[in-house]
1. Compute the helix-to-body angle for 131-159: its Cα long axis versus the longest principal axis of the chain, expressed 0 to 90° and rounded to tens.
2. Residues with beta-carbon under 14 Å from that of Tyr98, excluding Tyr98: net charge, scoring Lys, Arg +1 and Asp, Glu -1?
3. Using alpha carbons only, how many angstrom separate the centre of region 124-200 from the centre of region 11-32?
4. Calculate how steeply helix 104-126 sits against the longest principal axis of the alpha-carbon atoms of the chain, using the helix alpha-carbon long axis, and give the answer as 0 to 90 degrees to the nearest 10.
5. With a cap of 14 neighbouring Cβ atoms within 10 Å, and only residues DSSP puts in a loop, list the GluC sites (Glu not before Pro) found in region 95-200.
6. What is the percent of Cα-Cα separations in region 10-199 that go past 22 Å?
7. Of the cross-linked pairs Lys8/Lys147; Lys47/Lys125; Lys20/Lys170; Lys8/Lys41; Lys42/Lys115; Lys12/Lys170, which ones have a Cα-Cα span greater than 30 Å in the structure shown?
8. At q = 0.18, 0.23 Å⁻¹, what log₁₀ I(q)/I(0) does a Debye calculation on the Cα points of region 88-161 give, no solvent, two decimals?
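Read-outs throughout are calculated quantities, based only on the coordinates presented, and are distinct from any laboratory measurement. No experiment lies behind these values; they were computed from the predicted model shown. Glycine also receives a Cβ, built like all others from the backbone with ideal geometry; neighbour counts cover every protein chain displayed.
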Amino acid sequence: MWFKKKEKDFFKMLYEQGGKTLEGMDALCEFAENPSPENSKKVLDIKIEADELRRIIIEELNQTFITPIDREDIFDISRAIDDVMDYAATTVHEMQIYKVAADPHIKKMIDILRKTGRELVAALKNLHQYPNIAMEHATRAKTYENKMERSYREALAELFEGSDPIYMLKMREIYRHLSNAADRGDEAANLINNVIVKIR
């Protein structure tokens with residue numbers, strides 16, 4: 001028994017990864033309000049930290065024979081959460097490359113992502129011991145994807161009323177990244193709900 005390897009808490013690891021991604025959404029919001037080099041670096045540093053948490057999860061999956069839920073579900077939830085953070089970092093990169101500031105639409109879309117992140121973190125926190133509560137939060141997270149889709153279409157409609165095609169192309173790309181992030185958040189919520197159905 002002394003040499004028995006301690007069982008890995010994959011629920012906790014997913015929760016920590018979700019929390020780090022939520023931290024990234026908060027930093028992205030700060031960057032949108034004040035696109036300083038410091039705020040840019042903060043988002044990108046958090047992405048690196050989030051990537052490390054995902055690598056740890058993958059490494060532990062490779063070393064663990066029995067997992068508390070299907071290893072594919074653990075991997076896929078982690079991947080979807082990681083994609084949300086990746087899109088956040090890409091948004092920062094492209095705003096800097098294109099030299100554009102966050103308009104009200106971008107700020108609104110980032111706020112939707114932050115609210116999605118809060119619900120996903122709450123779902124992951126309760127996934128193991130309180131699956132019904134976790135499902136409530138995951139279901140709420142899914143509602144924000146619909147709000148993002150409406151915001152995305154509103155942003156495009158207003159954008160295409162402009163007369164600067166270069167600016168339109170730049171902003172459309174940034175809107176698209178934020179919309180894609182919401183899609184990945186929706187996928188994470190679906191995966192969490194699928195796990196709950198299995199473990200009930």
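1. 20
2. 0
3. A separation of 15 Å, based on Cα centres.
4. Computed tilt is about 10 degrees.
5. Working: sites: Glu119, Glu136, Glu145, Glu149, Glu154, Glu158, Glu161, Glu173, Glu187; in loops: Glu161.
Answer in residue order: Glu161.
6. Working: 8102 of 17955 pairs.
Considering region 10-199, 45 percent of its Cα-Cα pairs are separated by more than 22 Å.
7. Working: Lys8/Lys147 36 Å; Lys47/Lys125 21 Å; Lys20/Lys170 28 Å; Lys8/Lys41 32 Å; Lys42/Lys115 19 Å; Lys12/Lys170 39 Å.
Over 30 Å Cα-Cα: Lys8/Lys147; Lys8/Lys41; Lys12/Lys170.
8. -0.78, -1.00
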